[in-house]
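Following: one structure in structure tokens, then a few remarks.
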Amino acid sequence: MRVSSFSVDEALAYVGYYNKEGKLTDTFFDSVLFLPYSAFTYSKHYKSADGWKYYIDNVFENGKNVDAFNTACDIVGKELNKECKMQIFLSVFHTVPTYGDFPEKFGDLDGDGVDEDLSDLETKKKVTKWMIDQQIERFNNGGYNNLSLCGFYWFEEQIDYDNPHEFEVLGFARDYLHSLGYKLIWITYYQASGFGDWKELGFDMACMQPNYAFNPAIPRQRLYDNATLTKRFGLCYELEINDVYSHVDSDLYKEYLEVGVETGFMNTVKMYYQGARAFYDAFNSKDDFVRSVYDDTYLFAKEKLVSPVRAKKD
């Protein structure tokens, strides 16, 4: 599951499962991936030293995000009278993103008074190491007794084979993280460049999105094709939901669940992309069908879903 800036109240609905009567009955998701909003990544801020610092401050803000999920685990564990722990993954930003607006200068990241020249390979390695080290330090100093930092996500959804430093920087990040005992994971869009080479590239785990939820012109067959490809290449499957308040969008998401049950990827490692706070909004919804998104996702995550609730057709 990917998240942005979450409070303790919001985190509770992901750490624990609350039934329709509002009673906590079980734990829910077992891991969380932290990465920024798309609006941030397409901005100049994302491509600057100040933006990188801002992002890390946001991830470790008191009472939000990492801290919120740690507190939520404590609350859920005590109420259920059982251990409640979560794994978390943080992000490693790409030093040469291929999209959005770019500032004239990246800025000084490490405080040495020198603007970071990201056309230089050694500087790319330096800033990559800086981002990893900063987040590990913040995590280790945070006292997050209910969370374990498992690894980092390579924050780019394709491999840029035209970038002369792509493999050197990726290899540096991979080897450095492995030397520290952490994993490097990756999520690719549907058949993005490099998706079939993820093992050779050195990722410890990779996932692929079918991108079915965002384009009504894409046939349902895409969900089956994604299931076939992920199984063939050893990838995990990412489920996607856009606007949970839309019955059309929520019903598209239910198709992911149906295919997951049918093809068996429900019983494997899977990830979830939610537009904004889709699952939290579903959890709070008074609309029975929207609420069913939360309930069906819980059953799917626990590998117990038989058949999801579908929207009523006029």
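The values are calculated or read from the model by the stated rules, or taken from the named source; none is laboratory data. Just so it is clear, the model here is predicted, and its values are computed rather than measured. Counting neighbours? That spans all protein chains shown, and the Cβs are built from the backbone with ideal geometry, glycine included. Surface areas here come from the heavy atoms of the whole protein model, side chains and all, with no ligands, DNA or RNA. Shrake-Rupley method; radii C 1.70, N 1.55, O 1.52, S 1.80 Å.
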Matching option when the condition is in contact (Cβ under 8 Å) with a residue 12 or more places away in the chain, among the acidic types (Asp, Glu) and either open to solvent by less than 10 Å² (accessible area, probe 1.4 Å) or under 25 Å from residue 240 (Cα atoms) (or both), among 26, 110: 26
Just for segment 29-65: of the residues that are of a type in the set (Asp, Glu) and within 19 Å of residue 132 (Cβ to Cβ), which one is surrounded by the most Cβ atoms within 10 Å (Cβ to Cβ)? 50
Find all pairs meeting these conditions: Cβ atoms under 6 angstrom apart; at least six residues apart or on different chains; first residue within segment 197-224 and of a type in the set (Ser, Thr, Tyr); second residue open to solvent by 20 Å² or more (accessible area, probe 1.4 Å). 212/218; 212/222
Open to solvent by less than 70 Å² (accessible area, probe 1.4 Å) and either within 19 Å of residue 281 (Cα to Cα) or outside any loop (DSSP other than H, G, I, E, B) (or both): does that describe residue 12? yes
Go through segment 227-242 and give me each residue that's out of contact with any strand residue (DSSP E or B) (no Cβ under 6 Å at 6 or more places or on another chain), surrounded by 14 or more Cβ atoms within 10 Å (Cβ to Cβ) and part of a helix (DSSP H, G or I). 227, 229, 231, 233
Scan segment 243-272 residue by residue and report those that are surrounded by fewer than 18 Cβ atoms within 10 Å (Cβ to Cβ) and either under 16 Å from the mean Cα position of the chain (by Cα) or hydroxyl-bearing (Ser, Thr, Tyr) (or both). 245, 246, 268, 269
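Does residue 6 qualify as being outside any helix (DSSP H, G or I), open to solvent by less than 30 Å² (accessible area, probe 1.4 Å) and at pLDDT 95 or above? Even if it seems obvious, please write down each step before you answer.
Details: outside any helix (DSSP H, G or I): yes; open to solvent by less than 30 Å² (accessible area, probe 1.4 Å): yes; at pLDDT 95 or above: no.
Judged against the criteria, residue 6 is not a match.
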Give all pairs with beta carbons closer than 6 Å in which a residue from segment 285-301 that is in contact (Cβ under 8 Å) with a residue 60 or more places away in the chain meets a residue that is open to solvent by 30 Å² or more (accessible area, probe 1.4 Å); count only pairs at least 6 apart in sequence or on separate chains. 294/283
Out of all the residues in segment 125-143, is one or more touching a Ser or Thr at 6+ places or on another chain (Cβ under 8 Å) and of a type in the set (Lys, Arg)? no
Here's a check for you: in segment 277-306, which residue that is at pLDDT 95 or above and assigned to a loop (DSSP other than H, G, I, E, B) is nearest to residue 10 (Cα to Cα)? 285
